[in-house]
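The values are calculated or read from the model by the stated rules, or taken from the named source; none is laboratory data. Please read all numbers here as calculations on a predicted model, not as lab measurements. Cβ coordinates were reconstructed from backbone atoms using ideal geometry, including for glycine residues, and neighbour counts include every protein chain displayed. Side chains included, ligands, DNA and RNA excluded: accessible areas come from the protein's heavy atoms. Shrake-Rupley method; radii C 1.70, N 1.55, O 1.52, S 1.80 Å.
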Amino acid sequence: QVQLVESGGGLVQAGGSLRLSCAASGRTFSSYAMGWFRQAPGKEREFVAAIRWSGGRTYCADSVKGRFTISRDNAKNTVYLHMNSLKPEDTAVYYCAAGNIFPTTAELEYGYWGQGTQVTVSS
């Protein structure tokens with residue numbers, strides 16, 4: 001069992017940066033692949049980025065490639081999403097998730113989800 005709690009969201013101007021954190025409980029955190037998803041108002045939830053259990057490999061959606069970076073610290077049971085050059089279209093609720101398969105963009109492959117953190121980018 002893994003419980004996930006996101007933090008770090010907020011209001012930022014276009015071009016700014018934010019770092020989201022996802023703290024996990026449970027001793028098996030390091031055995032899971034981790035992902036970030038987001039859901040904008042009126043839209044379906046979409047994949048943002050994923051990282052392998054060891055942290056050695058990552059995968060990002062084309063829409064954020066070059067701007068967002070995912071990382072993890074297994075000693076701290078935490079996964080991060082570093083967001084740079086933010087755009088108004090990045091406004092969404094951001095969720096972290098844990099799963100057993102990497103790489104995958106499919107929500108169904110992630111069995112554990114956090115409650116989400118709001119990111120709002122003003123123009």
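Quick look at the values:
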item	result
Environment charge of F47, counting only residues whose C-beta is closer than 11 Å and scoring Lys/Arg +1, Asp/Glu -1	-3
Cβ-derived FRET efficiency at R0 35 Å, N74 paired with T120, nearest 0.05	0.70
Cleavage-rule hits, chymotrypsin sites (Phe, Trp or Tyr not before Pro), the range 1-92, DSSP coil, Cβ neighbours within 10 Å at most 13	none
Accessible surface, the chain, averaged per residue in Å² (probe 1.4 Å)	52
The chain, dipole about Cα centre (Lys/Arg Cβ +1, Asp/Glu Cβ -1), debye to the nearest 20	320
Under 19 Å from K87, Cα to Cα: lysines that are on another chain or at least 8 residues apart	K43, K65
The chain: relative contact order in percent, alpha carbon pairs under 8 Å with at least 6 residues between	35
Stretchable slack from T105 to R19, in nm (0.36 nm times residue separation minus alpha-carbon distance)	28.9 nm
Over the chain: Kirkwood hydrodynamic radius from C-alpha pairwise inverse distances, Å	14.1
Cβ-based net charge around G8, under 15 Å, with every Lys or Arg adding one and every Asp or Glu removing one	+1
Percent accessible area from carbon and sulfur atoms, the chain, protein chains only, probe 1.4 Å	47
The range 95-123 versus the range 64-91: alpha-carbon centroid distance in Å	12
